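The values are calculated or read from the model by the stated rules, or taken from the named source; none is laboratory data. Being a predicted model, the structure only gives us computed values, none of them experimental. Backbone-built Cβ (ideal geometry, glycine too); neighbour counts: all protein chains shown.
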Amino acid sequence: MPKVSVIGAGNVGSEVARRIVEKDLADVVLVDIVEGVPQGKALDILQSAPVEGFDKKIEGSNDYAMIQDSDIVVVTAGLARKPGMTREDLVMKNGQIIKEVSKNIKKHAPKSMVVMVTNPLDVMAQLCWKTTGFENNRVIGMAGILDTSRFICFLSAETKVPADKIEAVVLGGHGDAMVPLIDYTFIDGRPVKEVIAEETLAAIVQRTRDGGAEIVKLLKTGSAYYAPSSSAVEMVDCILNDNKKILPCSAYLKGQYGLLDVFIGVPVKVGASGAEEIIELKLTDEEKHELHRSARVIKDTILLCEK
Ligand code: APR
């Protein structure tokens, strides 16, 4: 029976756990430092099983030993962004948390794959990879699926074309530094530039960049978790079922796109071995420039975190 551990039983973590058991993907262990919270949430989710009709087990704990033999560990532990806070503001605090979590993954689930969700995403993925010492295919960050999904939602609302008839790819760092590939964006098979006026498209791109912040502003306490958890579970599904789908994820680059030693959002073939292949798309000069700028921001943030 596949086993997925979810670290952090907050909004994102508990939604990830719920989606995994409801989709009958795996048994779940939910871990948090706050006593009672993972146990309470796991029990609550478990009690929905007779109604929802799933038969997977879910358990909560404060003990990392419970993550033993996990196929995948999804990391959502950390602080969520508060209004006015940028993802980078979070780096110092979440950096400490991720180092501690990663040491525990290395100790108790040394054969697992890691799906990183904690922000700033690309930086936390890199920190986890360094701390665990895992091969680079075994750590993947969830960001591009969410950014792409937000972009498609806004494109769909603008054009009234259903989301499943829209194709788009968003690369780069998560959030402010993302790079939407306009030449790879199609509305019902037509290039987006032919369907949406330049100014409107620019506004949609900006709204996608600010997608997380828009929700933080509305919620006032806490940040997005429904769409982030969907995106993380899509990656879990791909790994457990060896789907080999091409998904935009944060993965370790060793020369691809002219970038070295950095986790950043790129199209990745995701399967049983995690990030199995980085797909190199042809970019315009401007997109290349933006991707490299995005990588510089990530590298600078990593330095900040390592101080
Ligand atoms: N070990 C385990 N759990 C921890 C640790 C730790 N060292 N430190 C904090 N946590 C737990 C908190 O107790 C809390 O339950 O992480 C959980 C975070 O939950 P929320 O505050 O609800 O945050 P959430 O909205 O779930 O976001 C978590 O995901 O999308 C990202 O930006 C988001 O980085 C944030 C993360």
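Working carefully through the options A125, A77, find the one that is part of a loop (DSSP other than H, G, I, E, B) and at pLDDT 95 or above. So that I can check it myself, show each step before the final result.
On the way: A125 fails: part of a loop (DSSP other than H, G, I, E, B).
Being part of a loop (DSSP other than H, G, I, E, B) and at pLDDT 95 or above holds for just one of A125, A77, which is A77.
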Inset, instruction - Take the residues in region 72-87 that are crowded, with 20+ Cβ neighbours inside 10 Å and of a type outside the set (A, V, I, L, M, F, W, C), then tell me which one is farthest from the ligand (Cβ to nearest atom). - result: R87
Inset, instruction - Give the residue, chosen from I145, I98, that is in contact with an Asp or Glu (Cβ under 8 Å, 6 or more places away or on another chain), part of a helix (DSSP H, G or I) and within 16 Å of the ligand (Cβ to nearest atom). - result: I145
Inset, instruction - Taking the residues in region 115-131 that are under 17 Å from V297 (Cβ atoms) and either out of contact with any strand residue (DSSP E or B) (no Cβ under 8 Å at 6 or more places or on another chain) or assigned by TED's automatic domain parsing to the domain that holds I302 (or both) as candidates, determine which candidate is farthest from the ligand (Cβ to nearest atom). - result: L127
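Could you name every one of the helices (runs of 4 or more DSSP H) located completely within region 1-62 that has at least 3 residues being in contact with a strand residue (DSSP E or B) (Cβ under 7 Å, 6 or more places away or on another chain) and surrounded by 19 or more Cβ atoms within 10 Å (Cβ to Cβ)? Explain how you work it out, then say what you get.
Details: elements: 11-22, 37-46, 49-52.
Here the list reads 11-22, 37-46.
Yes or no: region 45-56 includes at least one residue that is within 12 Å of the ligand (Cβ to nearest atom), over 19 Å from A224 (Cβ atoms) and not assigned by TED's automatic domain parsing to the domain that holds V233. Break it down into steps so the answer makes sense when it comes.
Taking region 45-56 first, the residues within 12 Å of the ligand (Cβ to nearest atom) are none.
No, region 45-56 has no match at all.
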Inset, instruction - Return the pairs, sorted by first residue and then second, in which the second residue is surrounded by fewer than 16 Cβ atoms within 10 Å (Cβ to Cβ) and in a helix (DSSP H, G or I), the first residue lies in region 92-109 and is in the same structural domain as S61 (by TED's automatic domain parsing) and in contact (Cβ under 8 Å) with a residue 40 or more places away in the chain, the beta carbons are less than 8 Å apart, and the residues are 6+ apart or on different chains. - result: M92/L304; H108/A65
Inset, instruction - Could you give me the residue pairs with C-beta distances under 7 Å whose first residue belongs to region 213-226 and is more than 18 Å from V16 (Cα to Cα), whose second residue is in a loop (DSSP other than H, G, I, E, B) wherever it lies, and which are 6+ apart or on separate chains? - result: I215/S223; I215/A224; V216/R81; V216/P83; V216/S223; K217/P83; K220/P83
Inset, instruction - Output the qualifying pairs, or none if there are none: Cβ atoms under 8 angstrom, residues six or more apart or on different chains, first residue in region 255-272 and closer than 19 Å to M124 by Cβ, second residue charged (D, E, K, R) and buried (at least 20 other Cβ atoms within 10 Å of the Cβ). - result: V262/D122; F263/D122; I264/D122; G265/D122; G265/D147
Legend entry - First in region 146-167 and in the same structural domain as G211 (by TED's automatic domain parsing), second anywhere and among the acidic types (D, E), Cβ under 6 Å, 6 or more apart: V161/D188; K165/D188
Legend entry - First in region 282-307 and over 16 Å from G255 (Cα atoms), second anywhere and polar (S, T, N, Q) and part of a helix (DSSP H, G or I), Cβ under 6 Å, 6 or more apart: I302/Q126
Inset, instruction - Pull up region 271-299, narrow it to residues that are at pLDDT 95 or above and touching an Asp or Glu at 6+ places or on another chain (Cβ under 7 Å), then point me to the one that is surrounded by the most Cβ atoms within 10 Å (Cβ to Cβ). - result: G271
Legend entry - Criterion (of a type in the set (K, R) and in contact with a helix residue (DSSP H, G or I) (Cβ under 6 Å, 6 or more places away or on another chain)) met by exactly one of R138, R150: R150
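Take the residues in region 164-196 that are under 20 Å from the mean Cα position of the chain (by Cα) and more than 18 Å from K288 (Cβ to Cβ), then tell me which one is modelled with the lowest pLDDT. Give the steps one after another, and end with the answer.
Filtering region 164-196 for residues under 20 Å from the mean Cα position of the chain (by Cα) gives 167-181.
Of the ones still in play, those that are also more than 18 Å from K288 (Cβ to Cβ) are 167-168, 174-176.
Numbers: E167: 96, A168: 96, H174: 84, G175: 72, D176: 76.
The extreme case among them is G175.
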Legend entry - Condition met for A143 (modelled with pLDDT of 95 or more, among the hydrophobic types (A, V, I, L, M, F, W, C) and surrounded by 24 or more Cβ atoms within 10 Å (Cβ to Cβ)): no
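Any chance region 185-202 includes a residue that's hydrophobic (A, V, I, L, M, F, W, C), surrounded by 15 or more Cβ atoms within 10 Å (Cβ to Cβ) and either closer than 30 Å to N11 by Cα or touching a residue at least 60 places away in the same chain (Cβ under 8 Å) (or both)? Give the steps one after another, and end with the answer.
Taking region 185-202 and keeping what is hydrophobic (A, V, I, L, M, F, W, C), we get 186-187, 192, 195-197, 201-202.
From the residues that got through so far, the ones that are surrounded by 15 or more Cβ atoms within 10 Å (Cβ to Cβ) too are 186-187, 192, 195-196, 201.
Now narrow it down to the ones that are either closer than 30 Å to N11 by Cα or touching a residue at least 60 places away in the same chain (Cβ under 8 Å) (or both): none.
Checked region 185-202: no residue is hydrophobic (A, V, I, L, M, F, W, C), surrounded by 15 or more Cβ atoms within 10 Å (Cβ to Cβ) and either closer than 30 Å to N11 by Cα or touching a residue at least 60 places away in the same chain (Cβ under 8 Å) (or both).
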Inset, instruction - Spot the failing condition for E199; the list is (1) more than 27 Å from H292 (Cβ to Cβ); (2) assigned to a helix (DSSP H, G or I); (3) among the acidic types (D, E), and only one is missed. - result: (1)
